[in-house]
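Following: one structure in structure tokens, then a few remarks.
The values are calculated or read from the model by the stated rules, or taken from the named source; none is laboratory data. Values in this document were obtained by computation on a predicted structure and should not be read as measured data. Note that we place each Cβ from the backbone using ideal geometry, even for glycine, and neighbour counts take in every protein chain shown.
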Amino acid sequence: MPQHTTLRTRLIRLAHTNAELRPAILSLLASEATADSDGNYMSRQYLAQLSAQASELSAMVSPEQALPDWVEAKISAAANALRDVHNYMKYGG
């Protein structure tokens, strides 16, 4: 993995966990993405992050573990949103 990709991934994670730094980090990442010739850069980064986090969460949750309602709701909302985008990209709008 190229070093700049690792740094960008770390910045994205930091933006998600640190509300104080979030605006500055997102602004920096947005300006770099705009300068980048690849218009899908940020979407691909978010998809990579989603994949990694989903895999990690799957390993963290045991089949018999009860999750709080708000956690179940967030997982359900994320799954629905991802399914909608997947269906759009696969089958068209």
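On the stretch given as the stretch 52-74, residues that are more than 27 Å from Thr6 (Cβ to Cβ) and either assigned to a helix (DSSP H, G or I) or charged (D, E, K, R) (or both) total 6.
Let's see how each residue does on (1) on the phi < 0 side of the Ramachandran plot; (2) surrounded by 10 or more Cβ atoms within 10 Å (Cβ to Cβ); (3) under 12 Å from the mean Cα position of the chain (by Cα):
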position	(1), (2), (3)
Gln45	yes, yes, yes
Ala48	yes, yes, yes
Val61	yes, yes, no
Asp69	yes, no, no
Arg83	yes, yes, no
Lys90	yes, no, no
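Here Arg8 fulfils each of the conditions (1) modelled with pLDDT of 75 or more; (2) part of a loop (DSSP other than H, G, I, E, B) apart from (2).
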